[in-house]
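Participant: Supplied in structure tokens, the structure appears directly below.
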Amino acid sequence: MRLILLGPPGAGKGTQAQRLVEKHGIPQLSTGDMLRAAVAAGTEIGKRAKAVMDAGELVSDDIVNTIISERIDQPDCARGFILDGYPRTLVQADAVEAMLSAKGTKLDSVIELLVDDKALVGRIVKRAEEAAAAGQPVRKDDNPEVFQDRLTEYYKKTAPLTGYYYAKGTLRTVDGMLSIDAVTEEIEAVLASL
Ligand code: AMP
């Protein structure tokens, strides 16, 4: 199963992706997590990405396309994967389609999580508070000011992907305002219908 979880920052893509990993035994490919790991490790990519990420803007298509292309070649992706936070631009959407088509395969579904903007800010603030309370590092971009820039990037560059996938017939939408369990159920219902 090759799946994309689409939605704005704070929509619950990461949470739902983890549940899908547990249930379906396929990996979650989060470009955000991979980039944060690169920043923490001080790699060349990490150095190039850090300031852009801290400002809530998008890292270049070339960087993330290369990261994903290398990652989906790993053996654990042979049975499928969940893309979380990728693609985020039309260029990336075309790139992933080309990568999969070169392997003789394609995406099975794109699931969009719909969440109100006001709820998103609240979720991001909560995520930062919970991380701090647990003694975990707080993401620099998880604050209301940077969040507005992340949301603007989303509407400018990522939201057009819903039209792109709708036209291809692969888009399914799920009400991301429901409880975490209810969203999981809706996603499983979509997958069962494929
Ligand atoms: P996320 O953890 O998905 O919210 O991503 C955190 C940050 O990493 C984003 O605000 C971007 O700066 C960068 N990033 C993650 N995925 C992508 C992507 N597919 N394209 C461009 N930048 C990305």
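The values are calculated or read from the model by the stated rules, or taken from the named source; none is laboratory data. As the structure is a prediction and not an experimental result, all values here were calculated from the model. Counting neighbours? That spans all protein chains shown, and the Cβs are built from the backbone with ideal geometry, glycine included. These accessible areas exclude ligands, DNA and RNA; they are computed on the full protein's heavy atoms, side chains included. Shrake-Rupley method; radii C 1.70, N 1.55, O 1.52, S 1.80 Å.
Participant: One residue is enough: does segment 79-101 have a residue meeting the conditions basic (Lys, Arg), touching a residue at least 12 places away in the same chain (Cβ under 8 Å) and over 30 Å from ALA182 (Cα atoms)? So that I can check it myself, show each step before the final result.
Facilitator: Initial filter on segment 79-101 (basic (Lys, Arg)): 79, 88.
Adding the requirement that they be touching a residue at least 12 places away in the same chain (Cβ under 8 Å) leaves 79, 88.
Pick out the ones that are also over 30 Å from ALA182 (Cα atoms) and you get none.
The answer is no, given that none of the residues of segment 79-101 is basic (Lys, Arg), touching a residue at least 12 places away in the same chain (Cβ under 8 Å) and over 30 Å from ALA182 (Cα atoms).
Participant: Cβ-Cβ distance below 8 Å, separation of 6 or more or different chains: which pairs start in segment 59-78 with a residue that is acidic (Asp, Glu) and end on one that is assigned to a helix (DSSP H, G or I) and open to solvent by less than 20 Å² (accessible area, probe 1.4 Å)?
Facilitator: ASP61/GLN92
Participant: Just need a number here: residues in segment 19-30 that are more than 12 Å from the ligand (Cβ to nearest atom), more than 20 Å from LEU114 (Cβ to Cβ) and either within 14 Å of the chain's Cα centre (by Cα) or not in a loop (DSSP other than H, G, I, E, B) (or both). Steps first, please.
Facilitator: Residues of segment 19-30 more than 12 Å from the ligand (Cβ to nearest atom): 19-27.
Next, only the ones that are more than 20 Å from LEU114 (Cβ to Cβ) stay: 21-27.
Filter once more, so that each one left must be either within 14 Å of the chain's Cα centre (by Cα) or not in a loop (DSSP other than H, G, I, E, B) (or both): 21-24, 27.
The qualifying residues number 5.
Participant: Another question, then. Give the number of residues within segment 50-80 that are near the ligand (Cβ under 7 Å from one of its atoms) and of a type in the set (Gly, Ala, Ser).
Facilitator: The number of residues fulfilling the criteria is 1.
Participant: Separate question: Having 2 or more residues that are open to solvent by less than 80 Å² (accessible area, probe 1.4 Å) and among the polar types (S, T, N, Q) is the bar; report the helices (runs of 4 or more DSSP H) wholly within segment 104-194 that clear it.
Facilitator: Values: elements: 117-133, 144-153, 160-168, 180-193.
Here the list is empty.
Participant: Quick check, is THR66 exposed (fewer than 15 other Cβ atoms within 10 Å of the Cβ) and either modelled with pLDDT of 95 or more or over 28 Å from VAL190 (Cβ atoms) (or both)?
Facilitator: yes
Participant: Here's something else I'd like to know. I'd like to know if segment 32-49 contains one or more residues that are closer than 24 Å to TYR164 by Cα and either away from the ligand (no atom under 15 Å from the Cβ) or not in a helix (DSSP H, G or I) (or both).
Facilitator: Just the residues of segment 32-49 that are closer than 24 Å to TYR164 by Cα, to begin with: 32.
Retained after the next criterion (residues that are either away from the ligand (no atom under 15 Å from the Cβ) or not in a helix (DSSP H, G or I) (or both)): none.
No, there is no match, as no residue in segment 32-49 is closer than 24 Å to TYR164 by Cα and either away from the ligand (no atom under 15 Å from the Cβ) or not in a helix (DSSP H, G or I) (or both).
Participant: Follow-up. Specify which of the listed residues (VAL96, VAL52, VAL59, VAL91) is assigned to a helix (DSSP H, G or I) and within 15 Å of the chain's Cα centre (by Cα). Walk me through how you get there before you give the answer.
Facilitator: Numbers: VAL52 fails: within 15 Å of the chain's Cα centre (by Cα); VAL59 fails: assigned to a helix (DSSP H, G or I); VAL91 fails: within 15 Å of the chain's Cα centre (by Cα).
None of the other options fit; the residue is VAL96.
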